[in-house]
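Engineer: Here it is, the structure in full.
The values are calculated or read from the model by the stated rules, or taken from the named source; none is laboratory data. Every value quoted in this text rests on a predicted model; they were computed, and no experiment measured them. Cβ coordinates were reconstructed from backbone atoms using ideal geometry, including for glycine residues, and neighbour counts include every protein chain displayed.
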Amino acid sequence: MNLKDADDALSLSDTSFEGCSALICNGNLGSPDALLANYYPWWPRGHRQSLLSCILTKSLFYKHKLFKDRYNFRFVDCIYYGCKNPQSLIGAIAGSKYSYSAFREIFNLLI
């Protein structure tokens with residue numbers, strides 16, 4: 001499946017294109033645990049207005065996807081809102097004040 005086909009398949013929850021698996025970020029995304037599978041979150045054309053969709057690279061995602069803060073708030077919980085609601089402006093939330101330090105590489109790019 002190429003990028004244009006993936007853009008047109010908004011009802012799908014996952015797809016693959018250009019040799020990598022992607023999880024399409026839209027309202028059909030089930031839970032943050034879906035982001036723990038070997039998928040990279042991908043925002044379809046027309047749904048890339050959040051800052052998260054602009055700064056989250058594959059390397060940043062795979063590097064942080066298993067991280068947790070001291071209260072066990074996971075990185076996937078942090079970005080879930082922005083994946084489920086691609087129209088959000090920022091696309092990431094902190095679970096506690098410790099999330100800012102645990103995920104500082106991401107939050108520094110967002111702030």
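Engineer: Pick from the stretch 59-94 the residues that are buried (at least 19 other Cβ atoms within 10 Å of the Cβ) and not in a helix (DSSP H, G or I): which of them is modelled with the lowest pLDDT?
Structural biologist: That would be Pro86.
Engineer: For Arg104, are the conditions met, namely being of a type in the set (Lys, Arg) and at pLDDT below 85?
Structural biologist: The answer is no for Arg104.
Engineer: Which of the residues that make up the stretch 1-53 are within 23 Å of Phe75 (Cα to Cα), at pLDDT 70 or above and of a type in the set (Gly, Ala, Ser)?
Structural biologist: Ala22, Gly27, Gly30, Ser31, Ala34, Ala37, Ser50, Ser53 - these are the residues of the stretch 1-53 that are within 23 Å of Phe75 (Cα to Cα), at pLDDT 70 or above and of a type in the set (Gly, Ala, Ser).
Engineer: Here is a follow-up. Kindly evaluate Ser50 against the criterion of being closer than 17 Å to Leu23 by Cβ, surrounded by 16 or more Cβ atoms within 10 Å (Cβ to Cβ), among the polar types (S, T, N, Q) and touching a residue at least 12 places away in the same chain (Cβ under 8 Å). Give the steps one after another, and end with the answer.
Structural biologist: Working: closer than 17 Å to Leu23 by Cβ: yes; surrounded by 16 or more Cβ atoms within 10 Å (Cβ to Cβ): yes; among the polar types (S, T, N, Q): yes; touching a residue at least 12 places away in the same chain (Cβ under 8 Å): yes.
Yes: the conditions hold for Ser50.
Engineer: Report yes if Leu29 is within 16 Å of Asn108 (Cβ to Cβ), touching a residue at least 40 places away in the same chain (Cβ under 8 Å), surrounded by 15 or more Cβ atoms within 10 Å (Cβ to Cβ) and aliphatic (A, V, I, L, M), otherwise no. Quick ask: steps written out before the conclusion?
Structural biologist: Values: within 16 Å of Asn108 (Cβ to Cβ): no; touching a residue at least 40 places away in the same chain (Cβ under 8 Å): yes; surrounded by 15 or more Cβ atoms within 10 Å (Cβ to Cβ): yes; aliphatic (A, V, I, L, M): yes.
Taking the combined requirement at face value, the residue does not satisfy it.
Engineer: Within the stretch 96-106, can you find the residues that are farther than 16 Å from Leu52 by Cα and touching a residue at least 12 places away in the same chain (Cβ under 8 Å)? Talk me through it step by step, then tell me what you get.
Structural biologist: Residues of the stretch 96-106 that are farther than 16 Å from Leu52 by Cα, as a first pass: 96-98, 101-102.
Listed by number, the residues that qualify are Ser96, Tyr98, Ser101, Ala102.
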